[in-house]
Amino acid sequence: MKVAVIGCTHAGTAAISTILNRYPEAEIDVFEKNDNVSFLSCGIALYVGGVVTDANGLFYASVEQFEKNGVHMHMEHEVLSCNTATKELLAKDMKTDVITRYKYDKLIVTTGSWPVTPPIPGADLDNILLCKNFGHAKEIMKRAESVQNVVVVGAGYIGVELVEAFEENGKNVTLIDSESRILNKYLDQEFTAPVEKSFEERGINLALGQTVSTFTGEGYVEKVVTDKGEYDADLVVMCIGFRPNTNLLKGQLDMLDNGAIIVDEYMQTSAKDVYAAGDCCAVHNNATNQPAYIPLATNAVRMGTLVAHNLTEPVLPHPGTQGTSGLKIYQHNLASTGLTESAARLAGMNVRNSFIEDTYRPDFMPDNAVIKLKLVYEISTHRIVGAQVISDADFTQAINTLSVSIANNMTIEQLALTDFFFQPHYNKPWNYLNQVALEALANEKERAKTDYALS
């Protein structure tokens, strides 16, 4: 069996590793435009902030390891075309410009994503950088050494992590985003406000609700101009978001409007013997029960592994995802799963929420911490569809529990009475997960009384 893999970050690496274990006789050809594999881009901010001192530690697999296991690693090769009907592709060696034709039996598309780059005037000025791969990480570190005014465009996870890293390195930092809040896709206002306050207390300039209109400077960027102001900049890092990198197969595979490849539960695309995984494709969202584009490393590794399991026959279905993620900014530990209130309503769902802010241990304990926890649930079914947490202590694992709850269609009634252990070092007799669900039940009972009285 000849297997061709296009792209080798998280999904590609997971697929190759699993194929080697399950099908040792397979002949694997891997085509990758970079000179490395398995780079953990989520570690770039840690590298910039000095938490990680050696960027080589941000890899968990290597070209040499794969080659020792018989994989044909075509590094710094660009796939120019791919014909899914004839099962062949053309790849160019980017060092020699030599173009070679390859045949395959099975194709695995793990082409990943690429940063969104709007056509902003002046974007070709020097010191305007992207933040995605190992090359970007090295370039950001190199340029940051000699600059003072840093502007980060985009207040998603990568953007806010970079802001923290640059500030801790003594830079003057401005964060620009067109939305009125940071992290608005992942967290509601109760959870983003404390982080914004911490940024402001540390002198970070939050230019929110603003759109970049142009970059100005002589050769190098000097200012970022928005629709509401202008900001000094010696270095700009663009973190607006990501888009699926799927132009290679446009017109041959079914895709969402944004270009994400549609796959079934076994990672098969609309073309026979063609599979896709990772940031290049859509995944079933258990909260909405619809396919969605959720580019996360966790999703990519899971999907890449599933491709290998289902390569010869469909045996292991994808369980879907909740888009579960976590983040640490200064003292704040945050995590979320499923949908925020606003995201649920945008998806056409009727939801309500319950919210608790409480100490997590009994009052007689000498040390304690406050936890804020929110549950989003569907009104008609009481099905849990989202959750968020923030605390100075680390309660992020609670979100993993709630991720499992969403995956299994648990209701607020079921969560309210779920058996969690009690020990004063760790929680109260009613665990905070029980508490937030009990709060939801109380809210629903009060609403039912009001509705009855009004009728």
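The values are calculated or read from the model by the stated rules, or taken from the named source; none is laboratory data. All values derive from a computational prediction rather than experimental measurement. Positions of Cβ are backbone-derived with ideal geometry, glycine not excepted, and every protein chain shown enters the neighbour counts. Quick note on the areas: whole protein, heavy atoms, side chains included, nothing else; ligands and nucleic acids left out. Shrake-Rupley method; radii C 1.70, N 1.55, O 1.52, S 1.80 Å.
Data for the structure
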{"read-out": "Accessible surface, the range 368-455, averaged per residue in Å² (probe 1.4 Å)", "value": "51"}
{"read-out": "Rounded if a/c under 1.5, otherwise prolate or oblate - the range 45-141, Cα gyration tensor axes", "value": "oblate"}
{"read-out": "Dipole of the range 49-191, positive end: most advanced residue of Val151, Cys131, Val71 [Cβ charges, Cα centre]", "value": "Val71"}
{"read-out": "Å² of accessible area per residue within the range 50-142, as computed with a 1.4 Å probe and no ligands counted", "value": "52"}
{"read-out": "Sulfur and carbon atoms: percent of accessible area, the range 277-367 [1.4 Å]", "value": "53"}
{"read-out": "Centroid-to-centroid separation of the range 385-427 and the range 1-72 [C-alpha atoms, Å]", "value": "34"}
{"read-out": "For the range 112-205: rounded, prolate or oblate by the Cα gyration tensor [a/c cutoff 1.5]", "value": "oblate"}
{"read-out": "Listed residue (Phe199, Thr214, Ala276) projecting farthest to the positive dipole end of the range 167-286, Cβ model", "value": "Ala276"}
{"read-out": "Spatial separation of Cα centroids for the range 266-319 and the range 202-240, in angstrom", "value": "38"}
{"read-out": "Acute angle (nearest 10 degrees) that the helix 134-144 long axis makes with the longest principal axis of the chain, alpha-carbon atoms", "value": "70"}
{"read-out": "Karplus-derived 3J(HN,Hα), 6.51/-1.76/1.60, for each residue of the range 75-85, Hz, glycine and proline x", "value": "7, 6, 10, 10, 7, 7, 8, 8, 10, 6, 7"}
{"read-out": "Simple Cβ-charge dipole of the range 122-270, Lys/Arg +1 and Asp/Glu -1, about Cα centre, in debye nearest 20", "value": "260"}
{"read-out": "Ranked by how many other beta carbons lie within 10 Å on average, peptides 219-229, 107-117 from highest", "value": "107-117, 219-229"}
{"read-out": "Label zone at Tyr220, where the point sits 7 Å out along the Cα-to-Cβ direction: the range 150-174 residues whose backbone N lies under 16 Å", "value": "150-151, 171-172"}
{"read-out": "Cβ charges +1 (Lys, Arg) and -1 (Asp, Glu), total dipole of the chain, debye", "value": "860"}
{"read-out": "Entries in Lys197/Lys223; Lys87/Lys272; Lys197/Lys328; Lys185/Lys328; Lys92/Lys142 that, when Cα-Cα distance is taken, lie over 18 Å", "value": "Lys197/Lys223; Lys92/Lys142"}
{"read-out": "Label selected from [x] 138; [y] 280; [z] 182, the criterion being volume of the Cα convex hull per residue in Å³ as computed here", "value": "[z]"}
{"read-out": "Degrees between helix 397-407 axis and first principal axis of the chain (Cα, 0 to 90, nearest 10)", "value": "80"}
